[in-house]
Every structure is written in C-alpha cells, then in structure tokens.
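Q: First the structure, then my questions, so here it is.
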Amino acid sequence: MQSQNDWLEILVHCKENVKTRIRPHLKTLSEPQPDLGKGAGGDPMKPVDLAAEKAIVEVLQQSGTSFTLISEESGVKEFGEKPKQCYVTVDPIDGTNNLVRGIPFYASSIAISAKPALSTVYAALVTDLVHDTTYTALKGKGAYRDGEKITSATRESLEDAIVGLDLNSYKIKEIAPKITDLIQKTKHIRHFGANALELCYVADGTTDAFIDIRGKLRTTDLAAAFLIVKEAGGTVTTPAGEALEVKLGPEQKIKFIASGNTQIHKTILSLVKP
Ligand code: IPD
Ligand code: CA
C-alpha cells in the first residue's frame, strides 16, 4: 500500500508521461481522426484521450500498486491482486474540445481514493497541459501549485469577483432561471472549457467561484479538483448548500458550487435556486 507521499510521486510521474505520450498527437490534430466510438463517460473518444489514459495506467502499473481505475474513457477496470485497496479516478484529458481546436486550456486529472466515493479522495493532481502548471493536494496537508502552497481567495463581494459558470447545455431553458439573479449581481463571468482546471483557479484564488448546476458534469472531471479546492481553504457544496456525497463512476453526474470562502459561498447560494 502506497503512502501519501509515494502517491504524490506517482502522480507526478503520471503527468510527465501524459505530456510525453500526447505530444505526437498534438501534431496530427488537423488530420482526419479515426472513429473510436464513445468512452465510458458517453463522449466520442479521441486518440489523444486514449493516449493520455494509457500513459497514466502505464505509470500506475510500473509502480507495482493494485488499483481500480475509474476512467472517463475505458470505464472501470481492475489491476493487480488487490484492486479494491484504492481507486484511481481519471479524466485523462479535461477540455478535449479545447485541445482539438487549439484553444490553450486543457488538463489531465487524477484522484486517489480509499473507496469509489468522492468524500474518500486523499491524493489529487490536476495538471494544466498547456502552461505546464501542476496542482496537487493530499488530504489534511494543503494544496500546492508547482510545489508552492496555495490558498483560495478571500474576496467576498460579487461586484469584484470573477465567477466561473458552465452553461454548456441543451437544457438551458430549465437552468437559466435558476441563475439569472446570480448573473445579474456578478460583474465578471467566465467559462474556459475545462472544469477541473477551472476549479484549480478557484483553489489558487485566480477566480473566486465556479458553478456547474447543469447536472451534466461527470465525477471523473471533479474528483481531483474537489480535494484541491477544499485543501486550499475553499468550499464545495451542492446548489442547496449540502455536502457533496457522490459515488465515483464514469457515468455519475454532479451539480456543485465551489467558492474561495464561506462568505461569498453564502451569497452565491442565496442567489442560486436549487
Ligand atoms: C468537459 C469540460 C467542459 C465541460 C464539459 C466537460 P471533457 O470535459 O470540463 O468545460 O463543459 O461538460 O465534459 O469532456 O473535455 O473531459
Ligand atoms: Ca475528458
């Protein structure tokens, strides 16, 4: 069984291998891509998604650990003799559309947990594959960006805040009325297109909150960033203000509000209709 620090080392090796393995794919994105069918999360798979997943699994196997993989691409797979001793929840590429279209904002996300449950995640890494910036967290030990401790923002007023909001949905007519009061009171709204990384922006105070109440985001995208935001001092709850208790699985979806501090979180909760 790996210690927390062993995990950190393994996760860093994973991200280095992802960077190496996706490099050739970045050069061929303008060429026709083979049809690989849909991944376990329900989206069409791209060769670059699979290359990133393979890179992560390769390093995990080399480390000699037994684990259950929960991936947006290959779904749930067991490795080693004691696969239930830990769960590795992976979004190999978060922001694949950005990557394919050349928008420089995409990441890789890996979370280690004791059970297939969000609340049991104890080690996490999200790496910005464009800017080579890596966010990590260990439960109870804080969150870090490239090895430097990070803390979430203390800004309380929505008039000064930058708030991320994912509105990508064909059900916008149902969702919009729930958040118009919030949008009305917020000066700066953003959506960059890779939610794991956008959550890390909340963790290091680059932005003040990130909201995704579509019911469309997979837990594979959230698992690692959830721990990173919490360890940085931020708050993550359901739109009703409850603790996020959810199973980790490629098809499992989640709605959440993540904020830099409890005061702005309260304000946002009061403006969002659950
Ligand atoms: C997507 C990104 C995007 C969000 C989508 C996700 P993917 O992740 O996080 O910002 O709007 O719902 O699916 O599919 O590139 O891993
Ligand atoms: Ca993905």
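Q: For region 11-29, does any single residue satisfy the condition of being surrounded by fewer than 14 Cβ atoms within 10 Å (Cβ to Cβ) and part of a loop (DSSP other than H, G, I, E, B)?
A: Yes, region 11-29 has at least one match.
Q: Right, something else. Output the residues belonging to region 253-274 that are surrounded by fewer than 18 Cβ atoms within 10 Å (Cβ to Cβ) and either in contact with a Ser or Thr (Cβ under 7 Å, 6 or more places away or on another chain) or modelled with pLDDT under 95 (or both).
A: Thr262, Lys273, Pro274 - these are the residues of region 253-274 that are surrounded by fewer than 18 Cβ atoms within 10 Å (Cβ to Cβ) and either in contact with a Ser or Thr (Cβ under 7 Å, 6 or more places away or on another chain) or modelled with pLDDT under 95 (or both).
Q: Quick one: which strands (runs of 3 or more DSSP E) sit completely within region 64-137 and have at least 2 residues that are within 15 Å of ligand 2 (Cβ to nearest atom) and of a type outside the set (Lys, Arg)?
A: It comes to 67-71, 87-94, 107-113, 121-128.
Q: Further question on the same structure: Touching a helix residue (DSSP H, G or I) at 6+ places or on another chain (Cβ under 8 Å), assigned by TED's automatic domain parsing to the domain that holds Gly80 and open to solvent by less than 70 Å² (accessible area, probe 1.4 Å): which single residue out of Ala55, Ala40 fits that description?
A: Just one listed residue meets the conditions, Ala55.
Q: Among (1) among the small types (Gly, Ala, Ser); (2) on the phi > 0 side of the Ramachandran plot; (3) loosely packed, with under 14 Cβ neighbours inside 10 Å, where does Ala176 come up short?
A: (2)
Q: Quickly run through region 156-174 and pick out the residues that are under 16 Å from Ser270 (Cα atoms) and β-branched (Val, Ile, Thr).
A: Val163
Q: For region 168-274, which fully contained helices (runs of 4 or more DSSP H) count at least 1 residues that are of a type in the set (Asp, Glu)?
A: Because the criterion is at least 1 residues that are of a type in the set (Asp, Glu), the helices (runs of 4 or more DSSP H) in region 168-274 that meet it are 172-185, 195-203, 219-231.
Q: For region 198-225, which positions are within 10 Å of ligand 1 (Cβ to nearest atom) and either farther than 18 Å from Asn261 by Cα or at pLDDT below 95 (or both)?
A: Passing the criteria: Arg214, Lys216, Leu217, Arg218, Thr220, Asp221, Leu222.
The values are calculated or read from the model by the stated rules, or taken from the named source; none is laboratory data. Quantities reported herein were computed from a predicted structural model and do not represent experimental measurements. All Cβ positions, glycine included, derive from the backbone under ideal geometry; neighbour counts span all protein chains shown. Please note that ligands, DNA and RNA were not included when accessible areas were found on the heavy atoms of the full protein model with its side chains. Shrake-Rupley method; radii C 1.70, N 1.55, O 1.52, S 1.80 Å.
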